[in-house]
Protein chains: 2
Amino acid sequence: MHELGRKAREASAWVAKADTGLKNKALLAIAAELETARPALRQANAVDLENGRSRGLDAALLDRLELTDARIDTMIENLNQVASLPDPVGTIDDLKYVPSGIQVGKMRVPLGVIGIIYESRPNVTIEAASLCLKSGNAVILRGGSESIASNQAIAQCIQKGLAAIGLPEAAVQVVETTDRQAVGTLISIPEYVDVIVPRGGKGLIERISRDARVPVIKHLDGICHVYIDDLADREKAVAIAVNAKTHRYGVCNAMETLLVNRAVAADWLPELAQRYQEIGVELRGCSEVCDLIPDALAATEDDWQTEYLAPVLSIKVVGDMGEAIRHINRYGSHHTDSIITESYTRGRDFLREVDSSSVMINASTRFADGFEYGLGAEIGISTDKIHARGPVGLEGLTSQKYVVLGDGHIRK
Amino acid sequence: MHELGRKAREASAWVAKADTGLKNKALLAIAAELETARPALRQANAVDLENGRSRGLDAALLDRLELTDARIDTMIENLNQVASLPDPVGTIDDLKYVPSGIQVGKMRVPLGVIGIIYESRPNVTIEAASLCLKSGNAVILRGGSESIASNQAIAQCIQKGLAAIGLPEAAVQVVETTDRQAVGTLISIPEYVDVIVPRGGKGLIERISRDARVPVIKHLDGICHVYIDDLADREKAVAIAVNAKTHRYGVCNAMETLLVNRAVAADWLPELAQRYQEIGVELRGCSEVCDLIPDALAATEDDWQTEYLAPVLSIKVVGDMGEAIRHINRYGSHHTDSIITESYTRGRDFLREVDSSSVMINASTRFADGFEYGLGAEIGISTDKIHARGPVGLEGLTSQKYVVLGDGHIRK
């Protein structure tokens, strides 16, 4: 791992200064290699699937593992798309003269070497590599042991693409061992790795955050809320509450708790409950909710802090927006929360006071997504407070250094 | 410490939503309290000085510890100045419509609770408290044991000022114990503390970075370089090389290594050496330098990675700008580096390729400073790569969350 790190550090200087055209060519060259290597990719993937079956992986995991032709299409499409995104590297902002006569500005620069630790889906290899490359970073990828053959095959395409363009192959390295110790080392070498992005289950992310000696950009829970204010438009409230919960269940930006203002609860909740029950969502509520919805189960303290990722919803009646905000800031995961209201003043206050990476007015929490936000791509959604919050795109993989232009200026 | 943390977390919600006028009033109220408390501050400081003397602290440390009337003036001036700075909190950038019809933007928000760990100078208590407060954060301050009485006296002024304006006193807390364990706890409670800013010697900062379970914004070394290109203007080169080394020695943005292009070394170095020797700077050089400057000592590998903070300078002759950049990126501390050149192309490349928090053309490294950059204040200079690089002002104590404005929008 130290050797991998050393090579990545060396390569990072080359990627950092590669111009936009060169990086785009490399991305397209990798896409061409994937196209050519379809049979090899399917073959390598078959080995992983076979091993997975014999190790008794469940059907959902095997499905995520599979590299169908459609998924290879998506990887190629992904490379094309990242190539078409604007390059953040080198952008200079706020360059201005200060009283001493020097000009001071900020230049956007790559972070250096990024370590990505992820689980089963092999297409993450391409997603992560393309974003790191475009943002001028070298990357060390450590995928799940169950997808090792597929990842190696993808890695070969990447290396060939880089070599064809004359970029160092060490700009993208895939860890070849499934040894757990490799992860322990990767997250402990700040001299070679500048930031770690873990993608996977909560257990993985908690373990990495606890042990890392390198900064981590992470996403823990997605306990998202919709608060229906008494000054809400009823139609918008119902549409958003249904969409935020039921559009997709297993995603981090799905609503897990619905907060409803007492003034409209008796009138609106029965209709909403019926909509949820038609779709098959289990409802758990506070005592007031249980009085209004006979089929709802009683919610426990645990329910307010659970990311169900399933057709289950907890519902609580609150007295006013202040109570809703306190509930969100206390039980939520600082991910995405939305207020439904027609009140200008309440919307204004909600935006400021809710301490989450995405705060919304009259929109479904399902919009919290790099593509929907126009970032063009996303490497993950950060629930951290420093560096980047919310969907992390190319810019989140860079930082800004100061540039100073003088003409022989000295400090007096 | 956990109780302190809990109270800070609670207070942080109030400071975060306090409007600019209220925060400014609090800063001015604290200034008024300091003015009134001058005798009490001097008295408390006398206790620290007395203890310091009996513990045998050296003269330099005792000097840093002393709260003269002029230093109290500076603290008051500091509060006035921070009150006059623009408030970054709540600023919304890049709010725009995206194809789905929602508007997406980024709002600047406080980090939450900041822990500051610092050494002897008691005026840091005011500097840090004022910046954290203005940027909407709660803060826990942990000063050096040698300044505990002074810090407590300053803390009382802060508490009174906050109370007078109706802000929670827990918005600024000064740890009352000198117990080392308190630091260990402060840096291990991510549930209460969002970021740690250590200010002090390298030993302190390394220890904290190693043990922290909370993100750290830190400044390690300042091994700054000036590279004199063969296309430099001789007068500017000499002026900047002298200024960067000799303007002040004990500061992180002083030059520690001078790199000189071979084409001008023989001609220019003797003049430069004479200037340095007149001022009393010890020179250590590579073999070529030693040939040109008879009095120079031979530099060892260690010299290239030493922050002297003293009238000592290492000098190396390089073949071209590429060699200079490789030396800087390898031996430097990614703090501040400057090229002296009249070449447009070399200046352009140097800015992009040097991986430091401040990169300069034709200016003294001594300009790397929050005040010189127009930030109005600085809590420190970050040599980290994520979140903030270089001088960290109010903006560095905030991050950005996404705000989404819709009109009943749902994901299709």
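Pairwise Cα distances in segment B:62-144 exceed 18 Å for 58 percent of all pairs. For segment B:295-307, 3J(HN,Hα) computed residue by residue from phi via the Karplus equation (6.51, -1.76, 1.60; θ = phi - 60°) reads 7, 5, 7, 6, 7, 9, 3, 4, 4, 5, 10, 10, 8 Hz, glycine and proline entered as x. With only the Cα atoms considered, segment A:221-310 has a convex hull volume of 87 Å³ per residue. Amide hydrogen proximity for A:Val260: with H placed 1.01 Å from N in the peptide plane, the residues at 5 or more positions away or on another chain lying under 5 Å are A:Ile228, A:Lys316, A:Val317, A:Val318. Which of the three applies to segment A:224-372, rounded, prolate or oblate, going by the alpha-carbon gyration tensor with a ≥ b ≥ c and a/c under 1.5 meaning rounded? It comes out rounded by the Cα gyration axes.
The length gained by stretching the chain between B:Asp407 and B:Thr36 to full extension, at 0.36 nm per residue less their Cα-Cα distance, is 128.2 nm. Shape analysis of segment A:152-271 yields a ratio of the Cα radius of gyration to the Kirkwood radius, Rg/Rh, of 1.22. Can you give the % of DSSP beta bridges in chain B that are antiparallel, to the nearest 5? Taking every DSSP beta bridge with both residues in chain B, the antiparallel ones total about 30 percent. Only protein heavy atoms count here; on that basis, with a 1.4 Å probe, B:His247 has an accessible area of about 60 Å².
When its C-alpha radius of gyration is set against 2.2 N^0.38 Å (N residues), segment B:346-411 gives a value of 1.60. For segment A:319-370, taking the reciprocal of the average inverse distance between every pair of different Cα atoms yields a Kirkwood hydrodynamic radius of 11.1 Å. Would you work out if the protein assembly as shown is rounded, prolate or oblate? Take a ≥ b ≥ c from the square roots of the eigenvalues of the alpha-carbon gyration tensor; rounded if a/c is under 1.5, else prolate when a/b is larger than b/c, oblate otherwise. In terms of gyration-tensor shape, oblate. Once the Cβ-Cβ distance of B:Arg71 and B:Ala164 is raised to the sixth power relative to R0 = 22 Å, the FRET efficiency obtained is 0.40. Plainly put, chain A has a radius of gyration that is 1.03 times its Kirkwood radius, both from alpha-carbon atoms, as the Rg/Rh ratio. Hey, what D do you get for segment B:61-109 in µm²/s if you plug the Kirkwood alpha-carbon radius into Stokes-Einstein at 10 °C and 1.306 mPa s? This corresponds to a translational diffusion coefficient of 108 µm²/s. The calculated 222 nm mean residue ellipticity attributable to helices in chain B amounts to -13500 deg cm²/dmol, summing -39500 (n - 2.57) over DSSP H runs of n ≥ 4 and dividing by all residues. Amide H contacts under 5 Å for A:Glu282: A:Val312, A:Leu313, restricted to partners 5 or more places along the chain or on a different chain, H placed in the peptide plane at 1.01 Å from N. Computed over Cα pairs, the Kirkwood radius of segment A:45-190 leads via Stokes-Einstein (0.692 mPa s, 37 °C) to a diffusion coefficient of 191 µm² per second. Shape class of segment B:1-48 from the alpha-carbon gyration tensor: oblate, with a/c at 1.5 or above and b/c at least as large as a/b.
Calculated accessible area for segment B:35-88 comes out at 56 Å² per residue, all protein chains present (probe 1.4 Å; ligands, DNA, RNA ignored). Between A:Glu271 and A:Ala59, the distance separating the two model label sites (each 7 Å from Cα on the Cα→Cβ line) works out to 3.8 nm. Around A:Pro294, under 15 Å between beta carbons, what's the net of Lys plus Arg minus Asp minus Glu among the other residues? Combined, the nearby Lys, Arg, Asp and Glu give -4. Across segment A:24-111, the volume of the C-alpha convex hull divided among the residues equals 145 Å³ per residue. Scanning residues 5 or more positions from A:Met255 or on other chains, those with amide H under 5 Å from its amide H are A:Lys245, with H placed 1.01 Å from N in the peptide plane.
When the Cα convex hull of segment A:296-412 is projected onto planes of every orientation, the mean area is 12.5 nm².
The values are calculated or read from the model by the stated rules, or taken from the named source; none is laboratory data. Source: prediction; values computed, not measured. Cβ sites come from the backbone with ideal geometry, for glycine too, and all protein chains shown count toward neighbours. Just the protein is used for accessible areas: all its heavy atoms, side chains included, with ligands, DNA and RNA removed. Shrake-Rupley method; radii C 1.70, N 1.55, O 1.52, S 1.80 Å.
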